[in-house]
Structures are given as structure tokens and as C-alpha cells.
1. Kindly list, by first and then second residue, each pair from a residue in region 71-93 that is under 21 Å from residue 45 (Cα atoms) and small (Gly, Ala, Ser) to a residue that is in a helix (DSSP H, G or I) and modelled with pLDDT under 85, limited to pairs with Cβ atoms under 6 Å and residues at least 6 apart or on different chains.
2. Need the failing condition index for residue 63 against (1) more than 15 Å from the chain's Cα centre (by Cα); (2) surrounded by fewer than 13 Cβ atoms within 10 Å (Cβ to Cβ), just the number.
3. Restricting attention to region 7-24, does a residue exist that is modelled with pLDDT under 95, surrounded by fewer than 10 Cβ atoms within 10 Å (Cβ to Cβ) and either closer than 29 Å to residue 81 by Cβ or within 24 Å of the chain's Cα centre (by Cα) (or both)?
4. Given the conditions (1) open to solvent by 80 Å² or more (accessible area, probe 1.4 Å); (2) farther than 30 Å from residue 83 by Cα, and given that residue 32 satisfies all but one, which numbered condition is not satisfied?
5. Could you list, in sequence order, the residues of region 39-60 that are assigned to a loop (DSSP other than H, G, I, E, B) and open to solvent by 60 Å² or more (accessible area, probe 1.4 Å)?
Amino acid sequence: MNPTPPTEPPSLEEIAAAGARRQRDADRLKKSSDELKELVLSALREGHLKPTEVAKASGWTGAHVRKMARAADIEPDERYRERADRLKKAQADGPAE
């Protein structure tokens, strides 16, 4: 859906106001992402929830959550270590042909 073009060209004030709104939105998004990241990492450190459940609830992909966890020095729980080791080996071996 395309907005109806304005009858007059936008003023610098309108452009500045739209830019300020965009910056506020970007700042709010960054803050909420940082808060979500801390909640996700805290849940993974505690180990009471399955990592797949945490990833699904966060709205982020499992790969993104794993990457954040490894960057925060959170290693896979023993229950998932064998799978994690298989995935690391498969990635190191390259794609199957």
C-alpha cells in the first residue's frame, strides 16, 4: 500500500520530525533488544528451560541465541553437549556432497 503523495513538497521541519521519530524508534528497539538479550542469557545460565524453548519464546532463531550464548561464555548444558559437538564437527567438515 503506497501512501498518497502530498500535494506540497515536505518541509525541512517535517523531514527533521520524521528523522527524530525514527531515531526514537531505533533507540527503543535497541533498548528492548538489550533487555531481551539479558533475559535470554539469564535463562540459559540458569538452565531450567530448554534452549529451544528460550529461543522460540524470544522470537530469535536458535542459531542467533546459540551465538549470543557462546559470546557470553555459556556452554551447552551436558544434556545438549553431544548434539553441540556433532554440529561443530559437521560445520568443520563442511557441507555434505
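1. Cβ pairs passing all conditions: none.
2. Just one mismatch for residue 63, condition (1).
3. No, the conditions are met nowhere in region 7-24.
4. Condition (1) is where residue 32 drops out.
5. The first filter runs over region 39-60 and keeps only residues assigned to a loop (DSSP other than H, G, I, E, B), leaving 47-50, 59-60.
Within region 39-60, 48, 49, 50, 59, 60 meet the criteria.
The values are calculated or read from the model by the stated rules, or taken from the named source; none is laboratory data. Just so you know, these numbers come straight off a predicted model, no measurement behind them. Here the Cβ is made from the backbone with ideal geometry for all residues, glycine too, and neighbour counts use every protein chain on show. For accessibility, only protein heavy atoms count, side chains too; no ligands or nucleic acids. Shrake-Rupley method; radii C 1.70, N 1.55, O 1.52, S 1.80 Å.
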